[in-house]
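Read through the structure below, which is laid out as structure tokens, and then see the notes.
Coordinate-derived values only; no laboratory data. All figures in this text were calculated on a predicted structure; none of them were measured in a lab. When we count neighbours, we look across all protein chains shown, and the Cβ atoms used for this are built from the backbone with ideal geometry, even at glycine.
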Amino acid sequence: MPDRVAFVTGGSRGIGRAIALTLCRAGFRIVVASPEVDKNEEVASEIRAASGEAMTLNLDLTSPDSIKSGVNQALQDYGRIDVLVNNAGITKDALAMRMKLEDWNLVLQINLTGAFLCIQQVLPAMLRERWGRIVNIASVVGRAGNPGQANYVASKAGIIGLTKTIAQEVGSRSITCNAVAPGFIETDMTARLPQEVKDRMLGQIVLKRFGRPEDVANAVRFLASEEAAYITGQCIDVNGGMYM
Ligand code: NAD
């Protein structure tokens, strides 16, 4: 499938960057989509240096117009979107009693509504092809809960429900929709956590190390492949055994 196209939200760094590079090595043309224009370009350059093909998009998931025009641009330039990876996500942590409504709304808007709108925009192209792979990045906390992250946890639990529903709606057209739920992965998102929180987390990880972005990207690559054709509506945990 050499000309297949993968659209990766939040492809500019961390897990999204690793997904973009891994899918490029698997033969996909990559759309690197995030609001970080310069970082998008850096990832695209890395892909081209590895003899892959990439385009960049200034995508802001808080804006339905940005999502619509971004997907249209990718379809115009590449003619198709075969794989959508809803990877972009943010945190705005606080205990529920003190959480600001604007922080609740922003996290839900980017992590959940943004993913939903991306799915809505790419589905017509996938339905035409009668082939598609949607992979949504959830989180271990979407399964287990986590104090101080009511907004983030709700968004990630929502992603898992969304995944199962989309899988049921489009399965008859050979489009699969799955989620990957990472545990603690070393990226900018986790770098800012206090050392004592990191130590506590490490104590819960059966494999005794934090995850790498590539650990998540490898699961995404499998779910995006032909080999995963009979897997849909699932949430695969990539968490070193920290939650079973
Ligand atoms: P990161 O903070 O390194 O990267 C976040 C990405 O989201 C960036 O590319 C950023 O540009 C993009 N983004 C932020 N706001 C956006 C917006 N408005 N529109 C479009 N894109 C936007 O985070 P990461 O650790 O690489 O996380 C990637 C995904 O994995 C997220 O969904 C996160 O919730 C999930 N996750 C991460 C961990 C972890 O331990 N790092 C664990 C579980 C789940």
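Taking H placed 1.01 Å from N in the peptide plane, check which residues at least 5 places from ARG4 or on another chain put their amide H under 5 Å from its amide H.
ARG29
List the aspartates and glutamates whose Cα sits under 16 Å from the Cα of LYS156, skipping any in the same chain fewer than 8 residues away.
ASP93, ASP103, ASP237
May I ask you to derive the FRET efficiency for GLN73 and ASN146 from their Cβ-Cβ distance with R0 = 35 Å, giving the value to the nearest 0.05? Walk me through the numbers on the way to the answer.
Numbers: r = 36 Å, r/R0 = 1.03.
Efficiency for this residue pair is about 0.45.
Under a plain spin-label model, where a point goes 7 Å from the Cα along Cα-to-Cβ, how far apart in nm are GLU214 and ALA50?
With each label point 7 Å from Cα toward Cβ, the separation is 0.9 nm.
Which residue, SER34, SER174, SER12, tops the fluctuation ranking in a GNM of the chain built on C-alpha contacts under 10 Å?
The residue with the greatest mean-square fluctuation here is SER174.
How large is the translational diffusion coefficient of the range 32-184 in µm² per second when you combine the Kirkwood radius over alpha carbon pairs with Stokes-Einstein at 37 °C and 0.692 mPa s? Spell out each step's value before the answer.
Numbers: Rh = 16.4 Å.
Calculated translational D: 201 µm²/s.
Using θ = phi - 60° and the Karplus curve 6.51 cos²θ - 1.76 cosθ + 1.60, what whole-Hz ³J(HN,Hα) does each residue of the range 120-130 get, with Gly and Pro shown as x?
4, 6, 8, 4, x, 5, 5, 5, 4, 7, 6
So what J values fall out for the range 48-63 if you push phi through Karplus, 6.51 cos²θ - 1.76 cosθ + 1.60 with θ = phi - 60°, rounded to Hz, Gly and Pro as x?
Computed from phi, the couplings for the range 48-63 are 5, 5, 9, 6, x, 10, 8, 10, 10, 9, 7, 10, 10, 6, 7, 10 Hz.
In the chain, which longest range has no chymotrypsin sites (Phe, Trp or Tyr not before Pro) that are both DSSP loop (not H, G, I, E or B) and surrounded by at most 16 other Cβ atoms within 10 Å?
After excluding every exposed loop site, the longest remaining stretch is 1-229.
Can you sort MET242, MET126, MET189 by how many other beta carbons sit within 10 Å, fewest first?
Working: MET242 19, MET126 22, MET189 16.
Starting with the residue having the fewest Cβ neighbours, the order is MET189, MET242, MET126.
Report the Rg/Rh value for the range 104-176, based on alpha-carbon coordinates and the Kirkwood definition of Rh.
Working: Rg = 13.4 Å, Rh = 12.9 Å.
Rounded to two decimals, Rg/Rh equals 1.04.
Sticking with the crude label model, points 7 Å out along Cα→Cβ, report the distance from LEU193 to GLU42 in nm, one decimal please.
So the two model labels end up 2.3 nm from each other.
For n ≥ 4 DSSP H runs only, could you compute -39500 (n - 2.57) per run for the chain, divide by its residues and tell me the 222 nm figure to the nearest 500?
For the chain, the value works out to -14500 deg cm²/dmol.
Label ARG130 and LEU108 with points 7 Å out from Cα along Cα→Cβ: what is the distance between them in nm?
3.9
Calculate I(q)/I(0) for the range 142-204 by the Debye formula, one identical point scatterer on each C-alpha and no solvent, and give its log10 at q = 0.21, 0.23, 0.24, 0.25 Å⁻¹ to two decimals.
-0.92, -1.02, -1.07, -1.11
May I ask which residue of ASN218, GLN121, ILE160 lies farthest towards the positive end of the charge dipole of the range 121-227, with charges of +1 (Lys, Arg) and -1 (Asp, Glu) on Cβ and the Cα centre as origin?
ILE160
Taking H placed 1.01 Å from N in the peptide plane, check which residues at least 5 places from GLU53 or on another chain put their amide H under 5 Å from its amide H.
Amide H to amide H, under 5 Å and 5 or more residues apart or across chains, GLU53 pairs with ILE30.
Provide the gained length on full extension for the span ARG25 to VAL206, in nm with one decimal, where the gain is 0.36 nm per separating residue minus the Cα-Cα distance.
On the way: separation 181, 0.36 × 181 = 65.16 nm, distance 2.97 nm.
Additional length available on full extension: 62.2 nm.
Residue by residue through the range 181-198, which ³J(HN,Hα) values in whole Hz follow from phi under the Karplus form 6.51 cos²θ - 1.76 cosθ + 1.60 (θ = phi - 60°), with glycine and proline marked x?
10, x, x, 8, 10, 6, 9, 4, 4, 9, 4, 7, 6, x, 4, 5, 5, 4
In cubic angstrom, how much convex hull volume per residue do the alpha carbon atoms of the range 140-244 span? Walk me through the numbers before you get to the answer.
Values: hull volume 10.9 nm³, N = 105.
Each residue corresponds to 104 Å³ of Cα convex hull volume.
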